[in-house]
Amino acid sequence: MDVQTFLRLLAVFVPLSLLSVGGGQAVVADIHRQVVAGLGWMTDGQFVDLFAVSRMAPGPGSLLASLVGWRVSGWSGAVIASLAFFGPSSLVFFALAHFWTVHPRSRLMQAVEEGLAPVSAGLMLATIFVLLASADGGILAWAVALVSTLALVTNRAGPFALLGLGAAVFLVLG
């Protein structure tokens with residue numbers, strides 16, 4: 001891997017590591033923005049494929065960073081992207097966990113909890129929109145996503161049943 005690619009991987013994933021409030025899925029939209037639209041490392045379709053593999057593979061959902069690094073520069077890219085994405089947020093987490101243990105009822109910790117929840121929800125919504133737009137499923141994909149979301153929120157429908165129904169809709173109408 002050349003030095004420029006190494007530095008670009010660091011520049012993409014270190015800041016995103018610190019923004020991954022709520023987990024790696026919270027920054028998928030920005031990963032897409034940078035690696036597809038910004039740097040042109042892959043197409044929308046390739047990104048969606050890597051996202052799908054990262055969801056199916058065992059381990060953390062933020063495995064997407066490792067897969068992007070691998071796509072860009074093989075094994076060395078995967079290692080650099082993984083360290084850049086998991087390292088900084090892990091250090092911050094351990095520092096906050098220590099502070100939280102020492103000061104469990106701190107006003108600062110309560111503010112962090114209350115303030116980060118809506119940020120995390122907004123980041124995840126952005127991820128949903130980016131993935132739906134990139135997946136090339138058209139209006140049918142948006143409709144299935146909306147109906148599935150409503151079913152999960154209002155009826156506590158099982159996700160496996162919804163996956164099966166969504167696949168059936170695409171087999172019949174797609």
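Per 0.36 nm of contour for each residue apart, how much would the distance between V172 and R33 grow if the chain were fully extended, relative to their Cα-Cα spacing?
Contour length minus Cα-Cα distance gives 46.8 nm.
Take the Cα of D49, step 7 Å along the line toward its Cβ, and report every residue of the range 69-89 whose backbone nitrogen sits under 15 Å from that point.
69-74
To the nearest 0.05, what FRET efficiency results for T154 and M1 with a Förster distance of 35 Å applied to their C-beta separation? Show your work: numbers first, answer last.
Values: r = 49 Å, r/R0 = 1.39.
Working from the Cβ atoms, E equals 0.10.
Using the Karplus curve 6.51 cos²θ - 1.76 cosθ + 1.60 with θ = phi - 60°, work out ³J(HN,Hα) for each residue of the range 108-117 in order, rounded to whole Hz, and write x for Gly and Pro.
Karplus-based 3J(HN,Hα) across the range 108-117 equals 4, 5, 5, 5, 4, 4, 5, x, 7, 4 Hz.
For the chain, what does the helix formula give at 222 nm: sum of -39500 (n - 2.57) over DSSP H segments with n ≥ 4, over the residue count, nearest 500 deg cm²/dmol? Working shown, then result.
Values: 7 runs with 136 residues, N = 174.
So the helix-based figure for the chain works out to -27000 deg cm²/dmol.
Could you calculate the FRET efficiency of A57 with F94 from 1/(1 + (r/R0)^6), where r is the beta carbon distance between them and R0 is 22 Å, rounded to 0.05?
After rounding, the FRET efficiency stands at 0.30.
Roughly what % of Cα-Cα distances in the range 67-130 sit above 13 Å, to the whole percent?
74
Count charges around D136 for me, please; just the other residues with Cβ under 13 Å from its Cβ, Lys/Arg as +1, Asp/Glu as -1.
Values: positive: none; negative: D44, D49.
Every neighbour counted, the sum reads -2.
For the ranges 133-143, 162-172, 27-37, what's the packing order if you count other beta-carbon atoms within 10 Å of each residue, average per peptide, and put the highest first?
Listed from highest to lowest mean packing, they are 27-37, 133-143, 162-172.
Give the average over all directions of the projected area of the C-alpha convex hull of the chain, one decimal, in nm².
Average projection, Cα convex hull of the chain: 11.9 nm².
Here, each number is a calculation from the coordinates, and none is a lab measurement. Please read these numbers as outputs of a predicted model, since none were measured by experiment. Cβ coordinates were reconstructed from backbone atoms using ideal geometry, including for glycine residues, and neighbour counts include every protein chain displayed.
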